[in-house]
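Colleague: What follows is a single structure, and I will ask about it in a moment.
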Amino acid sequence: MGRKSTPPAPLDAATSARLRRQARASTKPELALRRELHRRGLRFRINHPQLPGRPDVAFTRAKVAVFVDGCFWHCCPEHGTLPRNNRQWWQDKLDRNVARDRAKDAALADLDWVVLHVWEHEAPGAAADTIEAEWRSRVPATHRAVDADSRPHQTAPHDRGTG
């Protein structure tokens, strides 16, 4: 992966402030995807600390890890761009990000996890379709949560009146 290099001096205070404000977790694309998965009745862990790379969404029973990748930071083939200034430094930085992604994917695969990457520009519904299909393929139907309408009726405990 290479060594980290010292970042170049920011061009101006506004650029520096903008990069500092960049969210690292619970970004808008992540939240939209999580809302869609939750709406479908899927339950998951977020930023699971015991897993390599801390997946954005982790289905522990199915062993499916989902990462929502930003187009810039993870070199999207459609939308990834390089800044005009300090181009070589940014190229090296983004190459390290991609190498780190591959390393965490391999570490999760070694633990028998399936890793899915979703680009930030993907529609949440389409991404959720892919994720749900993978989840369903890995969790037996008998172990899936069912919606409230299909659960057996729970009866109240018998009255213990003093009669």
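None of the figures in this text is laboratory data; all of them are computed from the coordinates on show. The structure displayed is predicted, hence computed values, not measured ones. Cβ atoms come from the backbone with ideal geometry, glycine included; neighbour counts cover every protein chain shown.
Colleague: If you take the Cα atoms of the stretch 23-136, find Rg, then find the Kirkwood Rh from the mean of 1/r over all pairs, what is Rg/Rh?
Modeller: Across the stretch 23-136, the Cα-based Rg/Rh ratio is 0.99.
Colleague: How far apart, in nm, are two points set 7 Å out from the Cα along the Cα-to-Cβ line at His121 and at Ile46?
Modeller: My value for the distance between the label points is 2.5 nm.
Colleague: Name the residues of the stretch 42-74 whose amide N is less than 20 Å from a point 7 angstrom out from the Cα of Ala106 along the C-beta direction?
Modeller: 51-55, 65-67, 74
Colleague: Can you give the Rg/Rh ratio of the stretch 33-93, where Rg is from the C-alpha atoms and Rh is the Kirkwood radius?
Modeller: 1.14
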